[in-house]
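Let me begin by presenting the structure, written as structure tokens, before commenting on it.
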Amino acid sequence: MNTKACLVLANGQIFEGNSFGASGVIVGEAVFTTGMTGYLETLTDPSYFGQIVTQTFPLIGNYGVIHPDFESEKSHVRGYIVRDLCDTPSNFRCETDLNSFLISNNIIGLSGIDTRRLTKILREAGVMNGMIISGNSEEAQSAFSALENPKEKEKLLKEIKAYTIKNAVKSVTGSASKIEESAEAVFETSAKYRAVPVTKDGLKVNDQNEAMKNGRGKKVVLWDFGAKANIRRELLKRGVEVVTVPCDTKADDILKMNPDGIMLSNGPGDPAENVDIIKEIKKICASGKPIFGICLGHQMLALARGASTSKLKYGHRGGNQPVKQLSTGRVYISSQNHGYAVNNASLPKNAKLSFVNTNDGTCEGITYTDIPAFSVQFHPEASAGPLDTNFLFDDFVNLINNPALFKDFKPEFERIDAISYFQSTIKQTKAAGKASE
């Protein structure tokens, strides 16, 4: 703790601070997340594989480490950056401190830097690679020395720029399965902390029998591309039997299980790189089985149906992302973690936008009108984050019970252009402001 450490960005900018967690030298993709709570869920979310995560909220670690809140068995981040580290956590559920957790997971941490300035750089320039140098090891001292020599520094920057995230999905699949709990344990915790299903009206369903009645006797295969544990928990809370399978499972093997529905999970990396998985998803689509995709699952389902994806400038990461449901006009606050998005204009004939991000107009949800399938870019399982869209799990259960529901979908909009949507929203906001003057 408190030894010399720094972040070196690919553009040559350096942030000096203090070391915590493990020591050494690592290179990763530098990103930021705006979550005010949920740092444990962030650290254990497989979707952050290969990334150096910066928390914009200034104080991190104040409630320590709580294993039941993990989204997978371990941390998957490359490095972790905070403004102020709390090394004396206070919470009745606390098991250990954040520094000890990072050491046990061999994750290098950096504290004491201006995270606001770093976030502004990433917003303006876009996500870029970075290197954290920490501690007194021979490797770290060699890297520190290189920064003092212009020629050696240039070599270091070339190494940073050359980094790419590889084999992301294969590297994290099955991590959440290792901390799976029985349905009974999930229900007990759910009741204890009132982490119960939430309806479209925002009401909590505290009666377990009521929450589970529609899902009893149904089986869902959770296709694990880096799944968060809370996806499975939300399905279990609705009485559904959940069978988790790894990312390389073939469609034929999934269909032999005779599931009532298939959940495509979240996960890390570029969705278009998963060519073999996308081919298998196409086969699942042809089966007529109800499908629900979240985050990476949403993107790969879209690719399987003929859409395209692209990388966002700095992504959406945090628990305060507003999304608009086009069929109702209602705006929900959502939890998100992604660096890629489905291109709105690329949606095929039988794919209709269901949600858009109100900040930039990007695709946040798709409903398919020729197969019983829908997907969202955000995280309705939310933990930690708002529960506004938790009802989507009930929608999935309802679709399983009545696969013909998708035929009744009547989109309010055939297409929506991100730029024109964003511009029209600004005009409406300005007009409303003038009218109130």
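Just so you know, all these numbers are worked out from the coordinates, no wet-lab data involved. Here the structure is a predicted model, which is why all the values come from computation and not from measurement. Glycine gets a Cβ as well: all are built from the backbone with ideal geometry, and neighbour counts include every protein chain shown.
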Legend entry - Per DSSP, loop trypsin sites (Lys or Arg not before Pro) in segment 238-278 with at most 15 further Cβ within 10 Å: Lys250
Inset, instruction - With an 8 Å cut-off on Cα pairs and a minimum separation of 6 or more residues, tell me the relative contact order of segment 4-165 in percent. - result: 34
Inset, instruction - Calculate how steeply helix 418-436 sits against the longest principal axis of the alpha-carbon atoms of the chain, using the helix alpha-carbon long axis, and give the answer as 0 to 90 degrees to the nearest 10. - result: 90
Legend entry - Ascending count of other beta-carbon atoms within 10 Å, so fewest first, for Lys151, Lys161: Lys151, Lys161
Inset, instruction - May I ask for the distance between the Cα centers of segment 54-72 and segment 276-347, given as a whole number of Å? - result: 27
Inset, instruction - Measure nothing but the geometry: give the 0 to 90° angle between the long axis through the Cα atoms of 150-162 and the longest principal axis through the Cα atoms of the chain, rounded to 10°. - result: 10
Legend entry - Net charge dipole size for segment 1-136 [Lys, Arg +1 and Asp, Glu -1 on Cβ; Debye, nearest 20]: 380
Legend entry - Listed residue (Ala251, Ala227, Gly261) projecting farthest to the positive dipole end of segment 209-282, Cβ model: Gly261
Inset, instruction - Assuming R0 = 51 Å, can you tell me the calculated FRET efficiency for the pair Ala286 and Lys151, based on Cβ-Cβ distance, to the nearest 0.05? - result: 0.35
Inset, instruction - Give me the distance in nm between label points sitting 7 Å out from Cα along the Cα-to-Cβ direction at Asn320 and Asp248, one decimal. - result: 4.2
Inset, instruction - Assign one of three labels to segment 213-301, namely rounded, prolate or oblate, based on the Cα gyration tensor with a ≥ b ≥ c the square roots of its eigenvalues; rounded applies when a/c is under 1.5, prolate when it is not and a/b is larger than b/c, and oblate otherwise. - result: oblate
Inset, instruction - Please get the size of the charge dipole for the chain, origin at its Cα centre, with Cβ charges of +1 on Lys and Arg and -1 on Asp and Glu, quoted in debye to the nearest 20. - result: 1080
Legend entry - Förster-model FRET efficiency, 25 Å R0, Asn206 and Glu181, C-beta, rounded to 0.05: 0.80
Inset, instruction - Calculate, in nm to one decimal, what Asp114 and Leu312 gain on full extension: separation in residues at 0.36 nm each, minus their alpha carbon distance. - result: 68.9 nm
Legend entry - the chain: relative contact order as a whole-number percent, Cα under 8 Å and 6+ apart: 14
Legend entry - Fully extended contour minus Cα-Cα distance, from Ala345 to Thr189, at 0.36 nm per residue: 51.9 nm
Legend entry - Listed residues Leu387, Phe20, Ser137: farthest to the positive end of the dipole of the chain (Cβ charges): Leu387
Legend entry - Within segment 272-410: Cβ-based charge dipole about Cα centre, in debye rounded to nearest 20 (Lys, Arg +1; Asp, Glu -1): 380
Legend entry - Cleavage-rule hits, trypsin sites (Lys or Arg not before Pro), segment 343-414, DSSP coil, Cβ neighbours within 10 Å at most 10: Lys349
Inset, instruction - Could you list Glu188, Glu29 in order of exposure, starting from the residue whose Cβ has the fewest other Cβ atoms within 10 Å? - result: Glu188, Glu29
